[in-house]
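Below is one structure; the comments refer to it alone.
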Amino acid sequence: MNTLRHLLAAVGEPLVEVLAAPAGLDVPVTGLAIVDPDDEPDEHRGSLVLIVGARGHDAARLVRAAAGAGASAAAVKVADAGRALRETALEAGIALLAVPSDVRWERLESLAAGVLDAGESAGPDDLFALAQTVALLTHGIVCVEDTASRVLAYSRSDGDDAQIDELRRLSILGWQGPADYLHHLREWGVFDRLRAGEEVVHIDEHAELGVRRRLAIGIHAGPRPLGAIWVQEGAQPFSPRAEDVLVGAARVAAGHLVRRRRSAPTWHRDLVEGLLDGRASPDLVAGTFGLDEHAPALVVGFAVRAGEGVTRELSVAELADLVAVHAAGYRRAALTAWRGDAVYAVLPDVSDSTDPALRAMCAEVVAVTRRRTGVRVQAGIGGASGGLAGVPGSRADADRVLAAMPGDGEVAV
């Protein structure tokens, strides 16, 4: 069973700090929920509730509501109200986690979900446990990332906090590292070497950029790159066996990442694919995902174009993750699936394809994908339909828009 202690052991600082734990740290955490001030009351029994859209004193009401809904813990950006929120949490009987203001909510959600999904697994099948083991054996500070440079797991740096450089700190918080340094990594061919094979790549310290020495190795499934393990030098030099440890760790991590991909919820994805091409009954989809079958909806298609040195299949899978996060931010009930080189987002309760917020969301997906992976993506917005039954037509609209877009286009309706 997952507990708050287990979650904190994996994630912990710098993402969260415990401000209150009236029932101790061994309370079970069975799920993850995101709430904002406009949400209707809902059941969150046993969940970790991420309170977004309200911080400081404004979050007190939501902390009490989370406790009333049976949540085990609430995570809040406390601002200058830490003491008051702590008292609120103690009175309500709920654990309170303080989240620094510069932490991105999607980063915390992704990492916490990864820990909870791993369940009670321990040892090499747990990426966080693997990162901690690699840190112990290499004498370094470890991050495991996917091919889009998103942190999947990392080692705890307790006692070594002063040694953490800006690149690691920003990566864990969900932000891009120093632009000059990332440019140099590409210029030096580091990412190409990581994608090429099992070579352990040495990256020198660059004090002028605030970046310490690193070792890195690519994670592969056969010829397919899945990610990389990065080890930053801490207070002591790397161990003599650090390179051998990284080779073994990369092979273990590959098995974990392949299993993670295979265990994705294929039933839900198949259902969304069936809705897009007209095979799935709209009422079945509506019932499964809690949607109004007759509410307006539209489809946005995101097509992968040229990208140097990136495996196309993996690029589409990573784009699907990015689209899912951004689409859910625009519409909580958004559905995503991919077919061929395109990823589709079905957006319920959207009746205006020219909505500026919709275009902004699409442009952000295009920009983030290009910035993080080097892959060029175009977004085509289909026409709004009168209900889920019209989704295939909206998808066809999106495909026509994508087919007609000029090579330098980014978003079109």
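The values are calculated or read from the model by the stated rules, or taken from the named source; none is laboratory data. Remember, it's a predicted structure, so these values are computed and weren't measured experimentally. Neighbour counts run over all protein chains shown; Cβ positions are idealised from the backbone, glycine included.
Key figures
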read-out	value
Per-region count, the range 356-393, residues within 20 Å of GLU410 (Cβ to Cβ) and part of a helix (DSSP H, G or I)	18
Residue in the range 75-109 that is surrounded by the most Cβ atoms within 10 Å (Cβ to Cβ), counting only those that are charged (D, E, K, R) and within 17 Å of the chain's Cα centre (by Cα)	GLU109
Condition check for GLY140: surrounded by 19 or more Cβ atoms within 10 Å (Cβ to Cβ), at pLDDT below 70 and either assigned by TED's automatic domain parsing to the domain that holds TRP230 or touching a Phe, Trp or Tyr at 6+ places or on another chain (Cβ under 7 Å) (or both)	no
Cross-chain or 6+ apart pairs with Cβ under 7 Å, the range 267-287 first and farther than 20 Å from ALA398 by Cβ, then part of a helix (DSSP H, G or I) and modelled with pLDDT of 85 or more	ALA286/LEU388
Filter result for LEU97 (under 24 Å from ALA129 (Cβ atoms) and in a loop (DSSP other than H, G, I, E, B))	no
Elements of type helices (runs of 4 or more DSSP H) in the range 188-304, at least 1 residues being under 30 Å from GLY407 (Cα atoms) and of a type in the set (Asp, Glu)	190-196, 266-277
ASP352, sole failed condition from (1) over 29 Å from VAL52 (Cα atoms); (2) free of Cβ contacts under 8 Å to residues at least 40 places away in the same chain	(1)
Per-region count, the range 35-71, residues crowded, with 18+ Cβ neighbours inside 10 Å, touching an Asp or Glu at 6+ places or on another chain (Cβ under 7 Å) and outside any loop (DSSP other than H, G, I, E, B)	1
Test for ALA75: is it assigned to a helix (DSSP H, G or I), touching a residue at least 40 places away in the same chain (Cβ under 8 Å) and not assigned by TED's automatic domain parsing to the domain that holds VAL151	no
Pairs with Cβ under 6 Å, 6+ apart, first in the range 369-392 and over 25 Å from VAL316 (Cα atoms), second surrounded by 19 or more Cβ atoms within 10 Å (Cβ to Cβ) and of a type in the set (A, V, I, L, M, F, W, C)	SER385/ALA297
Among (1) part of a loop (DSSP other than H, G, I, E, B); (2) at pLDDT below 80, the one test that SER353 misses	(2)
Only one of ARG55, ARG86, ARG104, ARG64 that is of a type outside the set (Val, Ile, Thr) and in contact with a helix residue (DSSP H, G or I) (Cβ under 6 Å, 6 or more places away or on another chain)	ARG64
First in the range 240-259 and touching a residue at least 12 places away in the same chain (Cβ under 8 Å), second anywhere and among the charged types (D, E, K, R), Cβ under 6 Å, 6 or more apart	VAL247/GLU198; HIS256/ASP125
Residue count, the range 367-413 (criterion: more than 26 Å from the chain's Cα centre (by Cα), at pLDDT 90 or above and more than 16 Å from LEU276 (Cβ to Cβ))	4
